[in-house]
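Remarks on the structure that follows.
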Amino acid sequence: MDILLPAIIGAIVGVGVYALIVRVVTKNTIANQRERALKEAEAEGEMIKKEKMLQAKEKFIQLKSEHDRTVNERNQKLNQREQGIKQSENHLNQQRSELDRKNNEIEKLREQLNNQLAALDKKKEEADRIIKEQNVRLEQIGGISSEEAKNILMENMKQEAEADAATYINDTIEEAKLTANKEAKRIVVQTIQRVATETAIENSVTVFNIDSDEVKGRIIGREGRNIRALEAATGVEIIVDDTPDAIILSGFDPVRREIARLALHQLVTDGRIHPARIEEVVAKVKRQIEEEIAEVGKRTTIDLGIHNMHPELIRLIGKMKYRSSYGQNLLQHSRETANLCGIMAAELGLNPKIARRAGLLHDIGKVPDDEPELPHAIIGMKLCEKYKEKSEVCNAVGSHHDEEEMTSLIAPIVQVCDAISGARPGARSEVVESYIKRLKEMEDIAMAYPGVMKTYAIQAGRELRVIVGSDKITDQEAEQLSHDIAKKIQAEMTYPGQVKITVIRETRSVSYAK
């Protein structure tokens, strides 16, 4: 026990000493590590500091160089401006000295002029004194007063002046007439030369080409039902003869012929040809033609640089493509007239846009189907007024055939350009126009009767087909209608040969399976 206690005490003391030594060693180690870390951090911070200082110096040098360059550029500009100002000041000083010199010269001239005027005044006074003395002597010699002599002289001079003035006026008027005629001829000739014209005469037939004669039989159909359905739907006479690989579409209305041509093309391509299909295709083609008419009108106005026109007028312009004026295509004639009007208006210093607009619309009255007993110029003027065209355009349209009084300078230009376009060789044909007018009049006579739905003049006007509603006219009334139409045509129209009146009355029963 005595030995164990000192041993325990010794062990405790040893552990305490060991712990103390470990703590001191650990403390010294940590202190060394901290001191080393601080030195490394200080070295790294010094390095970063030097690097940042270098970057700052570089940035400062860069900014300083940019600033110096900017200052130099600004100084150069200021120097240039200063030099310019100095040059301007020198120039102004030169001008000022020049003005001073001229002012001095003017003052000298003014003094000379005043001296001359004073001398003239003296001479005038001397002349007046001499004239008075001479007048007194003349009165004493002639026995008449100066007033009487003055009146006689004035009367003689007045008569002489009137004769000279009349001669001068006549000479001036003649010269103006010659100059105006030359200038007008020059403008007209130059306008014609600057417009490229084409000669296009409308025909009354269209040739439809086919691949083989077998197609002719399918177009005719059993007992001719297909060809009858085609003629009834389109109003065009379809001539199938011995002509190889061709069928002739005859009709005075180009729109009907085009509808028939396109419908035949679709039917032949599709291969299904029967009355129901024919009516369906013809209706579809009519819609396509209406869309094409609108597109042609838009393209025409765009080509001529005409904007803000009413859609209905644009549609009527497109319809001109399928109308003719004395055999001349109406759209081509109107485009040509518009171009001529624009050129001539520009030559005369007027507004070419308004002139082109009036030239394009001048024959718009020929397009509507319902033609009343009015000249086409008046119809066109009313259409332009209806769709809010300018008063100058309306007057030019209405007066281009002298039905209205011309109130603007555009009106005579439109009249002249219309004559230029229509008067060139080969542009028009009176025979074709009178023929089309006769066929249209024949159709209008038949359409005036109640119950008539459609009328088609075919075979060059030798036959008139009248389609009536089966619910409105009986078979007996249809027969009587053909006699009435024949009598009226015979009484009101002049035509060669004879006209066959065919009244067609069909009964259809339609129902739908649902």
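Between HIS483 and GLU279, what is the FRET efficiency for a Förster distance of 35 Å, r being their Cβ-Cβ separation, to the nearest 0.05?
0.75
Taking a cut-off of 17 Å between Cα atoms, list the aspartates and glutamates near LYS437, but don't count ones fewer than 8 places away on the same chain.
Once the sequence-local aspartates and glutamates are set aside, what remains near LYS437 is GLU202, ASP253, ASP363, ASP369, ASP370, GLU371, GLU373, GLU463, GLU492.
Carbon-plus-sulfur fraction of the accessible area of region 259-315, 1.4 Å probe, in percent?
Ligands and nucleic acids excluded, carbon and sulfur give 51 percent.
Which percent of the accessible area of region 3-52 is formed by carbon and sulfur heavy atoms (probe 1.4 angstrom)? Write out the running numbers ahead of the final one.
On the way: 3120 of 4550 Å².
Looking at region 3-52 in its full context, I get 69 percent from C and S.
Excluding ligands and nucleic acids, what accessible area in Å² is computed for HIS310 using a 1.4 Å probe, to the nearest 10?
80
What order do PHE60, PHE208 take when sorted by accessible area (1.4 Å probe), most exposed first?
My answer, sorted largest first, is PHE60, PHE208.
List the lysines whose Cα lies under 26 Å from the Cα of LYS86, skipping any in the same chain that are fewer than 8 positions away.
LYS77, LYS102
Quick one: which of LYS321/LYS390; LYS216/LYS321; LYS298/LYS319; LYS319/LYS366; LYS286/LYS382; LYS216/LYS500 span more than 22 angstrom between C-alpha atoms?
LYS321/LYS390; LYS216/LYS321; LYS286/LYS382; LYS216/LYS500
Heavy atoms only, 1.4 Å probe, whole protein assembly: order MET154, MET406, MET447, MET320 by accessible area, highest first.
Greatest to least solvent exposure: MET154, MET447, MET406, MET320.
Enumerate the amide H contacts of ILE248 below 5 Å, restricted to partners 5 or more residues apart or on another chain; note that Pro and chain-start residues carry no placed amide H.
Long-range HN contacts for ILE248: PHE208, ILE239, ASP241.
Could you order the peptides 221-228, 129-136 from most to least packed, using the average number of other C-beta atoms within 10 Å per residue?
221-228, 129-136
May I ask you to evaluate 6.51 cos²θ - 1.76 cosθ + 1.60, the Karplus curve with θ = phi - 60°, for each residue of region 295-301 and list the ³J(HN,Hα) values in order in whole Hz, giving x for glycine and proline?
My calculation for region 295-301 gives 5, 4, x, 4, 5, 5, 5 Hz in order.
Using modelled amide H (1.01 Å from N, peptide plane; none on Pro or chain starts), what sits under 5 Å from the amide H of LYS500, excluding residues fewer than 5 places away?
Amide H neighbours of LYS500, under 5 Å, 5+ apart: GLU463, LEU464.
Calculate, for region 1-54, the solvent-accessible area per residue in square angstrom, rolling a 1.4 angstrom probe over the heavy atoms of the protein chains.
I get 94 Å² per residue for region 1-54.
Could you put LEU5, LEU374 in order of accessible surface area, largest first, with the 1.4 Å probe and the full protein assembly present?
Details: LEU5 105, LEU374 80 Å².
The ranking, largest first, comes out as LEU5, LEU374.
Just to be sure I understand the model, the point goes 7 Å from the Cα along the line to the Cβ. What's the resulting LYS86 to ALA119 distance in nm?
5.1
The values are calculated or read from the model by the stated rules, or taken from the named source; none is laboratory data. Please read all numbers here as calculations on a predicted model, not as lab measurements. Neighbour counts run over all protein chains shown; Cβ positions are idealised from the backbone, glycine included. Ligands, DNA and RNA are stripped out before the accessible areas are found, and what is left, the full protein with its side chains, is counted by its heavy atoms. Shrake-Rupley method; radii C 1.70, N 1.55, O 1.52, S 1.80 Å.
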